[in-house]
Amino acid sequence: MTKAAAMDRILDRVGLQRRQGAAYHLWPALGVLGTGVLIGAGLGLMFAPKPGGELRRNLRRQAERFVPARLMPRTGNGHAYDEMSREELYELAREREIEGRSHMSKAELIEILSH
């Protein structure tokens, strides 16, 4: 019998075991964490109420009701309004009760909504 085996046998008889390294506990914990992340991402995709682009547009519209336009995040070419269609801008102008909106171009709607 080897010295290590004899030591294990003695420790086992008194109800103890050898000291385990950090990796002994780390790998199972990382496995559980990774499994949780994958399950969460899968459930998020399965139960998402709308496609990503549509959801982002709706969230942006709701945020614009409460946050001044000058504080909204900007895109590479100006305001977030640049990404919206004229119809979406018109709807936003209608919600804010902006007069003359039906005769405005997309650029004019962007300008009036930005202030």
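The values are calculated or read from the model by the stated rules, or taken from the named source; none is laboratory data. Just so it is clear, the structure is predicted and the values come from calculations on it, not from any experiment. FYI the Cβ positions are ideal-geometry reconstructions off the backbone, even for glycines, and counts take in every protein chain you see.
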So the check is Cβ under 8 Å with 6+ separation or different chains; which pairs have a first residue in region 25-54 that's surrounded by 10 or more Cβ atoms within 10 Å (Cβ to Cβ) and a second one that's modelled with pLDDT under 90 and assigned to a helix (DSSP H, G or I)?
ALA48/LEU55; LYS50/ASN58
Test: LEU92 is in contact with a helix residue (DSSP H, G or I) (Cβ under 8 Å, 6 or more places away or on another chain), at pLDDT below 90 and surrounded by 12 or more Cβ atoms within 10 Å (Cβ to Cβ):
yes
Mind checking which residues of region 100-115 are modelled with pLDDT under 90 and part of a loop (DSSP other than H, G, I, E, B)?
SER114, HIS115
